[in-house]
Amino acid sequence: MAALSMTWSCSPLASSKFRRVNRYSGMAFASVKSTEGLGNLPKVVLTSPHGSEAELYLYGACVTSWKVDSKDLLFVRPDAVFNGQKPISGGIPHCFPQFGPGPIQQHGFGRNMNWSLVSSENVEEKRVVTVELRDGPYSRAMWDYSFHALYKITLDKKTLSTELTVTNTDNKPFSFTTALHTYFRASVTGASVSGLKGCKTLNKVPDPTNPVEGKEERDVVTFPGFVDCVYLDTPNELQLDNGLGDKISIKNTNWSDAVVWNPHLTMEQSYKDFVCVENAKIGKVQLEPDQSWTAVQHLTVA
């Protein structure tokens, strides 16, 4: 099957309006449908032959839903806004080209820019969508480099996979940090993460600006209160028990670190209903001109 190319033309400013320029908009095409989501923002719905489903908003290239057997395994906060001005709070937001605070805005600009839909395809029984982000006046005003980010989302029966490739298209080197700030639907009192024992930790709870170094001694990490901890040099697979009867494997290639977070009472409205387990690259990735870096994540529910 030939790939379908669809794009939305838009200003690089986060507050810009979307303008559809593709005649296939709003039509189903090989189990991939482009439509309007909340706030009239363009989104793509992927549906597998097995009935699993995923939704991707082009604003921020944010996957906001992943359903298996009609059960959504991701979480979007009730205070999330869909206005094309603020990042979408929930699902799988991008942190690029900066994770956390730093010289530019918190978590960078990848999550509050408009990505373009490049193609969709069927690979056996998998549904695949690829989107891209390039530099523009908005990004260069805070990070003056030319780059190309390609993000591929693959939906299978019980697996949601993402592949992020960043290429330096500038004539000078640059460095970046990045993460997938994944919100999982959970019962916080019953949720736990395994696979982190022995990892070096940076605990940000006492003082976010001066993390306490340590080592994870627990077989199972739980969420008894406010949790904000970076884990360095993590294994390529973690296991999440969401406390709702689901066990989710979080596999990765080239995401060297992980972040475990729950805001507890600082987000009283919703903290009981989710946990974040984030694949991350905390140390800087250095790219020379024409060099690329790729990282893959596989989420699989048992």
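Counting just the residues of region 231-256 that are without any contact (Cβ under 8 Å) to a residue 40 or more places away in the chain and in contact with a strand residue (DSSP E or B) (Cβ under 7 Å, 6 or more places away or on another chain), which one comes out surrounded by the most Cβ atoms within 10 Å (Cβ to Cβ)?
Only one residue fits best here, namely 231.
Which one of 7, 35 is surrounded by fewer than 19 Cβ atoms within 10 Å (Cβ to Cβ), within 22 Å of the chain's Cα centre (by Cα) and at pLDDT below 95?
Step by step, each of 7, 35 is checked, and only 7 is surrounded by fewer than 19 Cβ atoms within 10 Å (Cβ to Cβ), within 22 Å of the chain's Cα centre (by Cα) and at pLDDT below 95.
Condition check: over 30 Å from residue 53 (Cβ atoms) and touching a residue at least 12 places away in the same chain (Cβ under 8 Å). Does residue 227 satisfy that?
It is false that residue 227 is over 30 Å from residue 53 (Cβ atoms) and touching a residue at least 12 places away in the same chain (Cβ under 8 Å).
Give me the pairs, please: first residue somewhere in region 43-55 and within 14 Å of residue 154 (Cβ to Cβ), second residue anywhere and open to solvent by less than 30 Å² (accessible area, probe 1.4 Å) and not in a strand (DSSP E or B), beta-carbon distance under 9 Å, and either six or more positions apart or on two chains.
44/6; 44/58; 46/52; 54/48
Go over the candidates 118, 131 one by one and state the one that is at pLDDT 95 or above, in a strand (DSSP E or B), of a type outside the set (D, E, K, R) and over 25 Å from residue 250 (Cα atoms).
118
If we scan region 206-221, do we find a residue that is among the aliphatic types (A, V, I, L, M) and under 25 Å from residue 295 (Cβ atoms)?
Yes - at least one qualifying residue is present in region 206-221.
Taking residue 152 as meeting all but one of (1) within 23 Å of residue 298 (Cα to Cα); (2) open to solvent by 20 Å² or more (accessible area, probe 1.4 Å); (3) assigned to a loop (DSSP other than H, G, I, E, B), write down the number of the exception.
Only one criterion is unmet by residue 152, namely (3).
The values are calculated or read from the model by the stated rules, or taken from the named source; none is laboratory data. Treat the numbers as computed from the prediction; the structure is a model and nothing was measured. Cβ atoms come from the backbone with ideal geometry, glycine included; neighbour counts cover every protein chain shown. To get the accessible areas, we keep the full protein, side chains included, count just its heavy atoms, and leave off ligands, DNA and RNA. Shrake-Rupley method; radii C 1.70, N 1.55, O 1.52, S 1.80 Å.
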